[in-house]
Amino acid sequence: MKSLRYYYKKIVRPYGKSHFLSTYVGKKQAKILDVGCGNNSVRLVKRNCPDCYYIGVDVGDYNLAEELKKQMDEYHVVTAENFADKIREVGADMDVVISAHNIEHCNEPLKVLKNMIMSLKRGGHLYLAFPTENSVEFPHRDGTLNFYDDPTHIWCPKWNEIMKILAENNVQIDYACKNHTSFLLRTVGRFNERKSKYEKKVLRGTWEYYGFESIIWGTLRE
């Protein structure tokens, strides 16, 4: 029986990372590769999947508390040039691979994507979240609403190109939305839009109001 927390996440942030983990992993002893594991991502993963074996790969300690590093079973910090190869090196037996707002920062984004797929075992699950390519036309706001608001963004993900690579590499699409939103947070964003526009800041619901995120759930076919 699904918990109240599961349905809360499904309603408030449908198809977000937390809902993805609750749906596919939960308390299973899954092996999870977190590609671009900054911003204390391990906390969210371990909260949803306490029994998982967690592997984090990144090019630096981005907003990652020391006590949370201890929750990682493996933590690999590599150069940007070696990032794609490291993803492949950690193995080809992952139950889950997560990439949340990472691929747009990569020097070799398509190689990173292909290596993430190659890291999955058959029947394994992939989570991708990245700025929609439409965001190059969005207003500029502090907190990043237009793709170019973040100076560390290197490559603007092309939806059709990513979907083509997934199809060519035998990934079944379980969910895909180019401009992801939710009714609740979109409503909050609509309410906050005047203030967001005036202050030129991303507020609660702003991303959902504009559909800033592209989100894909996939499964590597057996």
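Quick notes on this structure:
- Check on Gly16, within 13 Å of Tyr75 (Cα to Cα) and either in contact with a Lys or Arg (Cβ under 6 Å, 6 or more places away or on another chain) or modelled with pLDDT under 95 (or both): no
- Scan of the stretch 41-67 for residues that are aliphatic (A, V, I, L, M), open to solvent by 20 Å² or more (accessible area, probe 1.4 Å) and part of a helix (DSSP H, G or I), ordered by number: Leu44
- Residue list for the stretch 116-133, restricted to those being open to solvent by 50 Å² or more (accessible area, probe 1.4 Å) and in contact with a helix residue (DSSP H, G or I) (Cβ under 9 Å, 6 or more places away or on another chain): Met118, Glu133
- From Ile103, Ile11, Ile98, residue being open to solvent by 80 Å² or more (accessible area, probe 1.4 Å) and among the hydrophobic types (A, V, I, L, M, F, W, C): Ile11
- Residues in the stretch 30-45 that are charged (D, E, K, R) and at pLDDT 95 or above were compared, and the one that is farthest from Arg122 (Cα to Cα) is Asp34.
- Evaluation of Tyr198 against the conditions (1) crowded, with 17+ Cβ neighbours inside 10 Å; (2) of a type in the set (Ser, Thr, Tyr); (3) under 16 Å from Arg141 (Cβ atoms) shows that the sole unmet condition is (1).
- Tally of residues being closer than 14 Å to Arg43 by Cβ, in contact with a Ser or Thr (Cβ under 9 Å, 6 or more places away or on another chain) and in a helix (DSSP H, G or I) across the stretch 69-104: 0
- Flag for Lys164 being assigned to a strand (DSSP E or B) and either under 16 Å from the mean Cα position of the chain (by Cα) or surrounded by fewer than 18 Cβ atoms within 10 Å (Cβ to Cβ) (or both): no
- Considering Leu113, Leu184, the condition of being open to solvent by less than 40 Å² (accessible area, probe 1.4 Å) and either in contact (Cβ under 8 Å) with a residue 40 or more places away in the chain or aromatic (Phe, Trp, Tyr) (or both) is satisfied by Leu113 alone.
- Yes/no for Asn170 being closer than 23 Å to Leu110 by Cα, open to solvent by 30 Å² or more (accessible area, probe 1.4 Å), modelled with pLDDT of 95 or more and under 17 Å from the mean Cα position of the chain (by Cα): no
- Residue match in the stretch 148-157 (condition: among the polar types (S, T, N, Q) and either surrounded by fewer than 20 Cβ atoms within 10 Å (Cβ to Cβ) or within 17 Å of Ile215 (Cβ to Cβ) (or both)): yes
- Within the stretch 150-161, residues that are farther than 21 Å from Ala80 by Cα and modelled with pLDDT of 95 or more have Cβ atoms under 9 Å from residues that are crowded, with 16+ Cβ neighbours inside 10 Å and hydrophobic (A, V, I, L, M, F, W, C) in these pairs: Trp159/Ala176; Glu161/Leu110, counting only partners at least 6 apart in sequence or on another chain.
The values are calculated or read from the model by the stated rules, or taken from the named source; none is laboratory data. These numbers come from a predicted model, not from an experiment. Neighbour counts run over all protein chains shown; Cβ positions are idealised from the backbone, glycine included. Each accessible area value is taken on the protein alone, full model and side chains, heavy atoms only, with ligands, DNA and RNA left out. Shrake-Rupley method; radii C 1.70, N 1.55, O 1.52, S 1.80 Å.
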